[in-house]
Each structure stands twice: as C-alpha cells, then as structure tokens.
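**Q** Take this structure, written in structure tokens, and hold onto it; I'll ask about it next.
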Amino acid sequence: MSTAQAMDIDESSILDISDPSCLLPVIDCEDTAVAIMDRIAWERLVKMRDKFAEALSYAEDHSLVSSIKNIYQKLPPPFQARLLMSMEFGEWTSRFDYWRDTKKTSEYDTESDKASYFLSALFEIVTRELSLYRLEVLGEVDDHLLFCRAGSLWSALGDINAKRNSSGSWEILKTSCIGGGISVDFDSPFAQFFEARSGVLSQKMMAHSDDEKQLVVEKLERALTMIDKVEPIYGVFIRNFVRRVIVRKSVQSLDPLNPIPSEYASEHVPRQPGGIRLLNFHLPEVGLSTCMETLLHEATHNFLAAWECIFESFTSKNQDYRPISFWSGRAIPNSSFMHAIFVYFGCHRLFTLHRESLVADGFHSGDPEFDNVERRLKTFAAGFLLDQNLGDQFLQSGKSISKQLIDVVTGMQLCMKEFYGLQTADARGY
C-alpha cells in the first residue's frame, strides 16, 4: 500500500503543488511523482525569474540596471534558465533579499553604496554568462574576455570553465559530471570559498590529485547508477534537484587508530539551490551505500527548499525553538526537524530496495556493503518507531505548521510502523 493510499489522499488532487501533501508522493515514488517534480522545478524557475525582476525594479533608477537587463536579454532562453537555476544566482538573490528587507548598512556604507555593490555583483554574473555563451556556442571572444585579467571564468552553474591557455587564447573546458548533467566541482571559486558556519567549507582545503578527482566522480556515478537501478524515480529526483556537487578534501586519510566518520560529511544550504557539498569523499571508507544515501539525502533537502522557495517555509526560521531529533538526540530547529523526517523516510525506502537488490545479487550478512545497509536502515527507522507522535514534537514559535503538513508527517510515521509490524491499518487512531 502506498503512503498516499494509507492516508486516504486523493492522488488526483496532489498535482496542486501549493498543498504540501504533494511532497509525499514524490518521496514515496507514486505515479504522480515525476509530474509533481516537473511542476515544482518549473515554478521554482519562474520564482527566480520574478526575483530577478523584483531586484532590478527595486533599484530601477541605478545606472547599472539597464545594462544588466540588456546583457541578460542577449542570452538565449536556455542560458537565461541556466543562470536563474544556479547556486550562484540563488545566493545572490538570498543576500540581496536580506539586505533589502533589513536595510543593513555599515557606518561606512550608505544604502546607495550597498545597492551598487549588489548590482555590480549581478552585472558581473550576467556578463560572465554572456561571454561564456558566446565563446562556447558562437566561438567568439568578446570584450569582457579580451580585457579579463583572470586566467579562468566559471559559469554560474559550475559546469563550464573558460581558461586562457599558454598562448593567450581562451578555450572552454567542461567540468566532470555525473548523471548526464550534474557538475562535480573541485576547483571553482565556490569550491575554494571559506565559510565559517559550514561543516564542509570551514575545513582546510587540500588539493585533490587527478586520480582522487576521478575516484570521487566514479563513486558518485556508480551510486547514481545504482539508484537508477533500484528506484528510477529517485534517479530523476536527484537530477531534477541537484545541479552542482562541490567537493572538498581536508585530510589525506583517516587516522587508523582513531577513524572518525565525521571526517567525511555532506551538507546543503537553502541559499544555494541545486548545490550540495561533500567533504573527503576520496576516502576509501566512503563506499557505495554512503554515496547513494548522500545523493538522495541532499537532493531531498534541495527538493523541500524548492517548494519552500515557491510558497513559504514549513515552519518559523526562529532558531530558539528546537525539538529533540528522534534520530540524533540533538536539539535542532523546527525547520531542520521537518526536513529530517522527509529525508529519513526517503532514505529508508531507498535502502530497503537496495537491500533487496543486494540479496538478489548474492550479497549477505558479513559483506561490508550489505552490513552497512542493514545498519543504516535501523538508523533511518529508529525515529519513526518511538511511541511519541512526530507531528506533536514541533515547538510553536509564532507560526503554526499547516494541518496538511502535520498529516503528511503523521502518515509517514504510520506507514513506517506498519512496515515494521508495530501498528496495523485498522489501529491507526486518526
């Protein structure tokens, strides 16, 4: 029985993506999943286009605005879409929105100065995209490249890198990719950035060798291929909501006397849509199932963040109200707790299918891959199997969570308990 059926959801109505109930059939890989994904991806693109227009309208009297508009309009629609769906543009809009809404200026900067900074950054992004389009598609070197002092330019999506060669000419280099279109970025300015609050980008940066880069790409490609095999909809899901994988190396190897799993990690930040960050995935300890889990885990965050971008956040962003996570035992914000429920439900479904695939291929207990899948399944399930209702755990912080969303959370917990025989369909109690 599907989760939607267990919850008595009318599946014909869930194509109304403004209702958060539409999120569950995607995580649960229902027949409507691809159609819902497509609509959310499209509406998010429209939302980012609107944000672009709003930003220029807000500062329409600034001298840079007309130049930005002209340059953007010279990009063909597919290249406009590439820019709008990129991590780099998403981060720009996030920072612009924050400044506009709070009017934060320092004692040294006026509001006009601040607008100039933001518009100059946007001007550089769209100018760079136009130059890369002309070089890659038309074979032209425009004035921006002619006068560029940098030795390389990266696309906002991180999949194209223009480099000046030893003779002074510009050439296009494609970055490594997985799944036919997800760029794997080891070297761009984004990949080299230091971010103090990041669990990945706050780590020291060591250069990957060429062999290590190839190894990471092969691991991720193999993981995505396996996901395609055990649940093709999750493969589509990941390709829809992950566009760029940033990889950092901070250690050469784990200390054999003190192997700390946290030496490899992953994360997603909502202000960088379509992006995920990986730490030390060159390590041999990072195996197939870990890569599979990571791709689905971070894609789910991106998917949920896309819906929140279109409509509104699930919960208040107030960090002071923190329920205890049923999985980690840590106090985390309401928003993180909500995301975690979807993430672990999806990962449990994926690993259940992966375990079946391993058994069919002759793997059994004692094999490291099989044993890791078994361990992770127990972890994913644990938070759903406690006596407390997940929907009752959110701490109120001025914004109530919609009944539809609470019903979805309750339904996921119910189905997990039914899966493990802890509750029957006739004893749901709601």
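The values are calculated or read from the model by the stated rules, or taken from the named source; none is laboratory data. Since the model is a prediction, treat every value here as computed from it, not as a measurement. Cβ sites come from the backbone with ideal geometry, for glycine too, and all protein chains shown count toward neighbours. All accessible areas refer to the heavy atoms of the entire protein, side chains included, with ligands and DNA or RNA removed. Shrake-Rupley method; radii C 1.70, N 1.55, O 1.52, S 1.80 Å.
**Q** Against the conditions (1) of a type in the set (Val, Ile, Thr); (2) touching an Asp or Glu at 6+ places or on another chain (Cβ under 8 Å); (3) part of a loop (DSSP other than H, G, I, E, B), where does residue 276 fall short? Just the number, please.
**A** So residue 276 meets the others, but not (3).
**Q** Next up: Name the single residue, out of those in the stretch 359-385 being of a type in the set (Gly, Ala, Ser) and not in a helix (DSSP H, G or I), that is nearest to residue 410 (Cα to Cα).
**A** The qualifying residue nearest to residue 410 (Cα to Cα) is 383.
**Q** Now a separate question. Of all the residues that make up the stretch 301-330, how many are open to solvent by 50 Å² or more (accessible area, probe 1.4 Å) and outside any loop (DSSP other than H, G, I, E, B)?
**A** 1
**Q** List the number of the failed condition for residue 183; all other conditions in (1) out of contact with any helix residue (DSSP H, G or I) (no Cβ under 6 Å at 6 or more places or on another chain); (2) outside any strand (DSSP E or B); (3) at pLDDT 95 or above hold.
**A** Condition (2) is where residue 183 drops out.
**Q** Hey, among the residues in the stretch 145-172 that are small (Gly, Ala, Ser) and assigned to a strand (DSSP E or B), which one's surrounded by the fewest Cβ atoms within 10 Å (Cβ to Cβ)?
**A** Among those residues, the one meeting the criterion is 152.
**Q** Within the group 394, 384, which residue is out of contact with any Cys (no Cβ under 9 Å at 6 or more places or on another chain), surrounded by 21 or more Cβ atoms within 10 Å (Cβ to Cβ) and not β-branched (Val, Ile, Thr)?
**A** Exactly one of 394, 384 is out of contact with any Cys (no Cβ under 9 Å at 6 or more places or on another chain), surrounded by 21 or more Cβ atoms within 10 Å (Cβ to Cβ) and not β-branched (Val, Ile, Thr), namely 394.
**Q** Still on this structure, I have one more. Could you please find all residues in the stretch 190-226 being under 19 Å from residue 270 (Cα atoms) and not polar (S, T, N, Q)?
**A** Scanning the stretch 190-226 gives 190, 191, 193, 194, 195, 196, 197, 199, 200, 201.
**Q** Limited to the stretch 191-211, what total is found for residues that are part of a helix (DSSP H, G or I) and at pLDDT below 90?
**A** 0
**Q** What is the one condition in (1) over 18 Å from residue 86 (Cβ atoms); (2) under 17 Å from the mean Cα position of the chain (by Cα); (3) loosely packed, with under 12 Cβ neighbours inside 10 Å that residue 181 does not satisfy?
**A** Every listed condition holds for residue 181 apart from (1).
**Q** If you don't mind, another one. Do you know which of the residues in the stretch 231-278 that are open to solvent by 20 Å² or more (accessible area, probe 1.4 Å) and of a type in the set (Lys, Arg) is modelled with the lowest pLDDT?
**A** Among those residues, the one meeting the criterion is 271.
**Q** Turning to a different aspect of this structure: Of all the residues that make up the stretch 331-352, how many are open to solvent by less than 40 Å² (accessible area, probe 1.4 Å), free of Cβ contacts under 8 Å to residues at least 60 places away in the same chain and within 12 Å of residue 379 (Cβ to Cβ)?
**A** Counting residues in the stretch 331-352 that are open to solvent by less than 40 Å² (accessible area, probe 1.4 Å), free of Cβ contacts under 8 Å to residues at least 60 places away in the same chain and within 12 Å of residue 379 (Cβ to Cβ) gives 3.
**Q** Something else: If you go through the stretch 271-317 one residue at a time, how many are in contact with a His (Cβ under 8 Å, 6 or more places away or on another chain) and charged (D, E, K, R)?
**A** Total satisfying the criteria: 2.
**Q** Something else now. Among the residues of the stretch 56-66, write down those that are in contact with a Lys or Arg (Cβ under 9 Å, 6 or more places away or on another chain) and modelled with pLDDT of 90 or more.
**A** 56 - this is the single residue of the stretch 56-66 that is in contact with a Lys or Arg (Cβ under 9 Å, 6 or more places away or on another chain) and modelled with pLDDT of 90 or more.
**Q** Does residue 136 qualify as being at pLDDT 85 or above and open to solvent by less than 50 Å² (accessible area, probe 1.4 Å)?
**A** No, not satisfied.
**Q** I'd like to check something: does the stretch 118-129 contain any residue that is open to solvent by 50 Å² or more (accessible area, probe 1.4 Å), small (Gly, Ala, Ser) and within 24 Å of residue 58 (Cβ to Cβ)?
**A** yes
**Q** So which pairs qualify, if the first residue must be in the stretch 99-126 and at pLDDT 85 or above, the second must be open to solvent by less than 60 Å² (accessible area, probe 1.4 Å) and of a type in the set (Ser, Thr, Tyr), the Cβ gap must be under 6 Å, and the two must be at least 6 apart or on different chains?
**A** Cβ pairs passing all conditions: 126/72.
**Q** Same structure again: Out of the stretch 53-89, which residues are open to solvent by less than 70 Å² (accessible area, probe 1.4 Å) and outside any helix (DSSP H, G or I)?
**A** Once the filter is applied, which keeps residues that are open to solvent by less than 70 Å² (accessible area, probe 1.4 Å) and outside any helix (DSSP H, G or I), the stretch 53-89 yields 59, 62, 75, 76, 85, 86.
**Q** While we're on this one: Are there any pairs, at least 6 apart or on different chains, whose C-beta atoms fall under 9 Å, with the first in the stretch 273-289 and closer than 15 Å to residue 200 by Cα and the second assigned to a helix (DSSP H, G or I) and of a type in the set (Val, Ile, Thr), and if so, which?
**A** That search, which allows pairs on different chains as well, returns 276/294; 278/216; 278/294; 281/216; 281/290; 281/294; 282/216.
**Q** Tell me, please, whether a residue that is under 17 Å from residue 290 (Cβ atoms) and either modelled with pLDDT of 95 or more or touching a Leu at 6+ places or on another chain (Cβ under 6 Å) (or both) can be found in the stretch 380-402. Give the steps one after another, and end with the answer.
**A** Taking the stretch 380-402 as the starting set, the residues that turn out to be under 17 Å from residue 290 (Cβ atoms) are 380.
Those left that are additionally either modelled with pLDDT of 95 or more or touching a Leu at 6+ places or on another chain (Cβ under 6 Å) (or both): 380.
Checked against the condition, which is being under 17 Å from residue 290 (Cβ atoms) and either modelled with pLDDT of 95 or more or touching a Leu at 6+ places or on another chain (Cβ under 6 Å) (or both), the stretch 380-402 yields at least one hit.
**Q** Does residue 296 satisfy the condition of being open to solvent by less than 10 Å² (accessible area, probe 1.4 Å), in contact (Cβ under 8 Å) with a residue 60 or more places away in the chain and within 23 Å of residue 195 (Cα to Cα)?
**A** In short, no.
**Q** Let me ask something additional. Please pick out the residue among 218, 231, 212 that is without any contact (Cβ under 8 Å) to a residue 12 or more places away in the chain and over 14 Å from the mean Cα position of the chain (by Cα).
**A** That would be 218, the only listed residue that is without any contact (Cβ under 8 Å) to a residue 12 or more places away in the chain and over 14 Å from the mean Cα position of the chain (by Cα).
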